1. May I ask you to list the residues in region B:311-327 that are more than 18 Å from B:ALA269 (Cα to Cα) and either without any contact (Cβ under 8 Å) to a residue 12 or more places away in the chain or part of a strand (DSSP E or B) (or both)?
2. Kindly establish whether A:SER75 is among the hydroxyl-bearing types (Ser, Thr, Tyr), more than 28 Å from B:LEU409 (Cα to Cα) and open to solvent by less than 10 Å² (accessible area, probe 1.4 Å).
3. Filter region B:270-287 down to the residues that are within 14 Å of chain A (Cβ to nearest Cβ) and surrounded by fewer than 24 Cβ atoms within 10 Å (Cβ to Cβ), then identify the one that is nearest to the chain's Cα centre (by Cα).
4. Would you check which residues across region A:435-463 are polar (S, T, N, Q) and assigned to a loop (DSSP other than H, G, I, E, B) and list them?
5. Suppose the filter is modelled with pLDDT of 90 or more, under 20 Å from B:THR247 (Cβ atoms), not in a loop (DSSP other than H, G, I, E, B) and not charged (D, E, K, R); does B:VAL308 pass it?
6. Run down A:GLY141, A:GLY148 and say which single residue is of a type outside the set (D, E, K, R), more than 8 Å from chain B (Cβ to nearest Cβ) and under 19 Å from the mean Cα position of the chain (by Cα).
7. Which pairs have Cβ atoms under 6 Å, sit 6 or more apart or on different chains, and link a residue in region B:366-380 that is more than 9 Å from every other protein chain (Cβ to nearest Cβ) and touching a residue at least 60 places away in the same chain (Cβ under 8 Å) to one that is open to solvent by 10 Å² or more (accessible area, probe 1.4 Å) and in a loop (DSSP other than H, G, I, E, B)?
8. Tell me, which residue of region A:419-432 that is facing chain B (nearest Cβ under 9 Å) and closer than 26 Å to B:ASP447 by Cα is least open to solvent (accessible area, probe 1.4 Å)?
2 protein chains.
Amino acid sequence: MPHALVGRLVEVLGVSRVSVDPEVCRQFGQDGTRQSHAADVVVFPDATAQVSAIARICSETRTPMVARGAGTGYSGGAVPVRGGVVLAFERMNRIIAIDEASLYAIVEPGVVTGDLQDAVAGVGLFYPPDPSSLRQCTIGGNVAENAGGPRAFKYGVTRHYVLGLEAVLPSGEVIRTGGKTVKNVVGYDLTQLLVGSEGTLAIVTEITLRLVSLPPAVVTLRAFFPTIHHAAEAVSRLVRQHAVPATLELVDGATLDAVAKATGDRTLAPAGAGAMLIVECDGLPQAVDAEAAIVAAACRAEGATGVVEARTEAERDELWRARRTISPALMVIAGLKINNDIVVPRALVPDLFALVDDLKRRFRLPIPSFGHAGDGNIHVNVMANPDDADQVARAYAAVEALLDGVLALGGSISGEHGIGLSKAAFIDRELSVDTLAAMRRLKQSFDPMGILNPGKIFPEFAPAPVERAVIAERRS
Amino acid sequence: MPHALVGRLVEVLGVSRVSVDPEVCRQFGQDGTRQSHAADVVVFPDATAQVSAIARICSETRTPMVARGAGTGYSGGAVPVRGGVVLAFERMNRIIAIDEASLYAIVEPGVVTGDLQDAVAGVGLFYPPDPSSLRQCTIGGNVAENAGGPRAFKYGVTRHYVLGLEAVLPSGEVIRTGGKTVKNVVGYDLTQLLVGSEGTLAIVTEITLRLVSLPPAVVTLRAFFPTIHHAAEAVSRLVRQHAVPATLELVDGATLDAVAKATGDRTLAPAGAGAMLIVECDGLPQAVDAEAAIVAAACRAEGATGVVEARTEAERDELWRARRTISPALMVIAGLKINNDIVVPRALVPDLFALVDDLKRRFRLPIPSFGHAGDGNIHVNVMANPDDADQVARAYAAVEALLDGVLALGGSISGEHGIGLSKAAFIDRELSVDTLAAMRRLKQSFDPMGILNPGKIFPEFAPAPVERAVIAERRS
């Protein structure tokens, strides 16, 4: 990174918006996977015109530019693997408008997802997407990765709420896509193309989001089942009976055991519980009552025990406690966790768990799994002792077998986290040569010099050895 | 069109799948706008491999290729303005799979939308998008134009149901995008890019659609209001009270009058009725009861009269009768109808109607309007006597003023019908030069030779004089 470039950035942005401090460059070079590569310079724009000016400078000097939200991603998407300029959006965190009557909000990319949810709830509205990092992650990052969350069964994922975008192209040109309405068929849907493009096509600087009515009532149910299969049958049964819960969270017995161990609370994993289901219904009070009755009956009909219903915030918190504790709790099993956010057609969730059981046996590793039963989106966590080279090798082999098995079930290797660095080595198992080639041409048409978040998505960018590419969290 | 090309098509497809009959070429060269241009040859593929072979031949010979569903579109999208090969998908009309447990269907593009709805309803499932031509139009056409319909307020539009596609590129390469799950973040979302691309990027040969639970109960309410403003206030009030109806259809007084005149039934336009609202609530019976009560109370609180609730199929049909009769009924007003499917932010529907009132006065023309109040998507019909040159000129001037006014309200020039030929002259009023340039580069990356549905979307393709570009239906 030549001094001249830093000089030009300072000239355009002012010294307070540019940092070459090695600690800052290191800190803004990592994400939730703990993969990391230091930025050469971190900039803190607070307006679209500044982002455009940065792009022009980077374009002229062919410098990589990587947009960054809160760095909570699980695919290495925000890691500047080729160095260059990291654009930190923490100063572009304004909620520009909440239109209560027309049901949309306009926000800057640095707005924290949970803050937006609180702000719109204050006027009786609801922004449903709820990635589990919602207290830290930002809307900009959610848009880049098309973040999901538990509420997707009823409400869909981030892309279903993005109506329009302002974005800066690598040339510095500013485009506006979509608008403020759900219906809009004017030209190609660049909005939907940019959502989930992981910052490789353009840098989003403003987002218009659809809002919906805040459901006035919420009921949460929890049930334990002897096996995953029983829980899956309960889900199928309640869906057949026309219940449409917001959330259908499934947790397997191995995960429950880990949570009970980590928290010292055996009630979270009662004897004989091979699976737990948390179901949340929301809507008008009468609707929620009717739906909760269907859910409870369906669970009992499939052998559920310990069916509990929560109607107050405190009671609901108690039911969600086990689910929320999972991520840290799993580290009691082993120090290395490889989290795969795979997805299968909804009805094949039992087949997926059968596959996981087979992998446990073949690779002699714990693989606690949990996730969103309504979407078929399950987090399959391959655990190993990081100091045991043989276990680590078996873990990575298990991941490869898992992804192949998921594709054989008609599923997908990533439902929520994105490809980034972490799954780049595997993308060509899911997508054909011709499909990937079409994506490469599309990338080329937006970013002919390849300066936007280089080194992501495509298999040629997969770090060698392949194993490094897999999402892994180590106990710190 | 050289004989050699027809010969090669016959060689690949067999003689029964190729027609150069002038009547067939004429018939397959028009759409719902009654714009028309004869195809040079019409082909009737019945498999993806055949579409791929056609593409290779067209690509080698630089022949335009235009995919066609039922030809019910309202933007000239299926009209082969540069001649060439029209691909009629009527033989690719198989419902390949309905997966009741995983909630998806796989269909060929020629499946009629209403047929799919019937088929999935037979197993308790629901495919919500409901363009008004649903008994004729096809899923392939719906995907090409991202068709909407009345149910969008609760359920969204076609794109919200498309999970995956198989598509043929102009080179003949076959790509697969997306999959069978709602969550999928593997590479760029080519699925969402192709939806609404009007057959200009690829030719869709198979579609995987998300299905939802068939709501077991439906209640329809109708209410008359003194003015549009009162009806709009009722909509805002019921939304604030957390009702989420499937449908919120608004019909203005001028339209009601035309319907009453055309049908000879004055009950469809009672004295003093400046607007009618049809609201449909669906879901579990208890939920529908609660929601219908909110809707009825909100209507009455805003001065509604004649509030009627229908619970049986026959009663509901009766309430929908006025709405269904609108399109033919408007022709009693005048012989030329220019239908604009504009959209404004939901709360600005009264402002839109104020704009329409102003246009009526300024251009001295009837402009009956109706549409989807929940989405802000209103069909504004500028009417003129086609034999009166002055009226026709005023009509086209009124359309231009309408579109500019809609954009000034933060709306969009097309909510459902697409750009095609009909709005190509106006697209650059909504999209900036840089945004359009990005779309052109994208088109180039998919179709470098420009053989896929040439002459559509971009302003340089707008037929001269501009007036021809506007959607117009003439009384036949």
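The values are calculated or read from the model by the stated rules, or taken from the named source; none is laboratory data. Predicted, not measured: the structure shown is a model, and the values here were computed from it. Note that we place each Cβ from the backbone using ideal geometry, even for glycine, and neighbour counts take in every protein chain shown. When the accessible area is computed, the model is the full protein with side chains, heavy atoms only, and any ligands, DNA or RNA have been set aside. Shrake-Rupley method; radii C 1.70, N 1.55, O 1.52, S 1.80 Å.
1. The answer is B:THR312, B:GLU313, B:ALA314.
2. Details: among the hydroxyl-bearing types (Ser, Thr, Tyr): yes; more than 28 Å from B:LEU409 (Cα to Cα): yes; open to solvent by less than 10 Å² (accessible area, probe 1.4 Å): yes.
In short, yes.
3. Here is the first cut: in region B:270-287, the residues within 14 Å of chain A (Cβ to nearest Cβ) are B:281-287.
With surrounded by fewer than 24 Cβ atoms within 10 Å (Cβ to Cβ) added as a condition, the list becomes B:282, B:285-286.
Details: B:ASP282: 23, B:PRO285: 30, B:GLN286: 33 Å.
Looking at residues that are within 14 Å of chain A (Cβ to nearest Cβ) and surrounded by fewer than 24 Cβ atoms within 10 Å (Cβ to Cβ), I get B:ASP282.
4. First pass over region A:435-463, keeping only residues polar (S, T, N, Q): A:435, A:444-445, A:453.
Once the filter is applied, which keeps residues that are polar (S, T, N, Q) and assigned to a loop (DSSP other than H, G, I, E, B), region A:435-463 yields only A:ASN453.
5. Working: modelled with pLDDT of 90 or more: yes; under 20 Å from B:THR247 (Cβ atoms): yes; not in a loop (DSSP other than H, G, I, E, B): yes; not charged (D, E, K, R): yes.
Yes: the conditions hold for B:VAL308.
6. Working: A:GLY148 fails: more than 8 Å from chain B (Cβ to nearest Cβ).
Just a single option satisfies the conditions, and that option is A:GLY141.
7. What qualifies is B:PRO366/B:ILE333.
8. A:ILE427
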